[in-house]
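Novice: Have a look at this one before I ask anything.
Computed from the coordinates by the stated procedures, all read-outs in this text should not be read as laboratory data. Owing to the predicted nature of the structure, the values given are computational and were not obtained by experimental measurement. FYI the Cβ positions are ideal-geometry reconstructions off the backbone, even for glycines, and counts take in every protein chain you see.
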Amino acid sequence: MASSSSYNSPCAACKFLRRKCMPGCIFAPYFPPEEPQKFANVHKIFGASNVTKLLNELPPHQREDAVNSLAYEAEARVRDPVYGCVGAISFLQRQVQRLQKELDAANSDLIHYACSEIPTALPAPPGPSSIQSMAPRQRPIDHYNRRMGNEEGYYEAPGVPYNLPWNDNPSGDNNAGGGASNM
Amino acid sequence: MKESGRKHGALSPCAACKLLRRRCAEDCVFAPYFPPDEPHKFASVHKVFGASNVNKMLQELPEHQRRDAVSSMVYEANARVRDPVYGCVGAISSLQQQIHSLQTQLAAAQAEVVHMRMRQFSSSSNAGGAMDMAVDQANMGESLWSC
């Protein structure tokens, strides 16, 4: 929640930077004094002037979300200086690939069962064409065939335009991505 | 080879020193990871993190981890340039939603598989039961005639 700076309490940014917190301070609504670590992380990874530039380029209603995402990335990078929050993306992409494979396997089982039921179906009524007289049967697979994957069969999340270099092994056993981050 | 750092005697400054307009020293920390033919790579990292922050972060890491660190920083920086509000946190959120959706679909598909298995099992049991009924009816017929 955004909070404005008060006369007596400088925001966490101005406290950290040891400067006077002026009315209209761009950091004050997003870095309250009771959360000093938030700005400390953001300052360490991105720098105060980069954050100022970034916030100035955004309309005010988007700044809080921007600060929160920067704080998340900064904290992830402090915890994991090599991979930052990209480690979490790598982990989640592997999970998506694994789940997609399992879903494909379950769907092919369903197809197998659906096909194996055809010989045991009741005999068609007499008529010129017994196949044409039967209504098209709704296969169970149709309910579940909502794959959003690409031709290779794994899901590419929107906003993740390319697979991470550490995910080239489709078996998903690569631990280079590090641990997952909890949001 | 890129892995071992700059080629001995290379005259071309790395992309970082080109952008920063400074002399590219022999032991430049950026040079192994920001070759001059990929200027956009350093440009986005510089815009989001700043050259001195990147320098500090790389100096704090052992050499064998720096390439991966640079790759992840480039990824984050590009994501932030493309989406200044959410950066790559948007991708995390999206992936979490997709995982939830896939888990729901998978649970439903697996439940249906169990259902189909049970159906097949019970229909093969019923086929045996129907045969028994036919035999019983035949036997009844015989007993009627025998009265």
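Novice: Could you tell me which of the pairs B:Lys18/B:Lys47; A:Lys44/B:Lys18; A:Lys53/B:Lys47; A:Lys15/A:Lys38 are separated by over 18 angstrom between their Cα atoms in the structure shown?
Specialist: Going by Cα-Cα distance, A:Lys44/B:Lys18 fall outside the 18 Å limit.
Novice: Still on this structure, please answer the following. Given a Förster radius of 51 Å and the C-beta distance between B:Ala108 and A:Gln37 as r, what FRET efficiency does 1/(1 + (r/R0)^6) yield to the nearest 0.05? Intermediate results must be reported in sequence, preceding the final value.
Specialist: Working: r = 42 Å, r/R0 = 0.83.
That pair, B:Ala108 with A:Gln37, gives E of 0.75.
Novice: Taking the Cα centre of region A:12-79 as origin, work out the dipole magnitude from +1 charges on Lys and Arg Cβ and -1 charges on Asp and Glu Cβ, in debye rounded to 20. Could you put the intermediate results ahead of the total?
Specialist: Details: 10 positive and 7 negative charges, 80 e Å.
About 380 debye.
Novice: How about region A:1-108: which chymotrypsin sites (Phe, Trp or Tyr not before Pro) there lie in a loop by DSSP and see at most 10 other Cβ atoms within 10 Å?
Specialist: Details: sites: A:Tyr7, A:Phe16, A:Phe27, A:Tyr30, A:Phe39, A:Phe46, A:Tyr72, A:Tyr83, A:Phe91; in loops: A:Tyr7, A:Phe27, A:Tyr30, A:Phe46, A:Tyr83.
Filter output for region A:1-108: A:Tyr7.
Novice: Also: Find the all-direction average of the projected area of the Cα convex hull for region A:12-79, expressing the result in square nanometres with one decimal place. Intermediate results must be reported in sequence, preceding the final value.
Specialist: Details: hull surface 16.8 nm².
Computed as one quarter of the Cα hull surface, the answer is 4.2 nm².
Novice: If you plug each phi of region B:52-59 into the Karplus form 6.51 cos²θ - 1.76 cosθ + 1.60 with θ = phi - 60°, what whole-Hz ³J(HN,Hα) values come out, in order, with x for Gly and Pro?
Specialist: Once rounded to whole Hz, the list reads 5, 5, 5, 4, 4, 4, 5, 5.
Novice: Please name whichever of A:Tyr72, A:Ala28, A:Ala13 sits farthest to the positive end of the charge dipole of region A:12-79, dipole taken about the Cα centre and charges placed at Cβ: Lys and Arg +1, Asp and Glu -1.
Specialist: A:Ala13
Novice: At R0 = 22 Å, how high is the FRET efficiency between B:Gln97 and A:Glu57 if r is their beta carbon distance? Nearest 0.05 is fine. Intermediate values should be presented prior to the final figure.
Specialist: Values: r = 27 Å, r/R0 = 1.24.
Step by step, r from the Cβ atoms, then E = 0.20.
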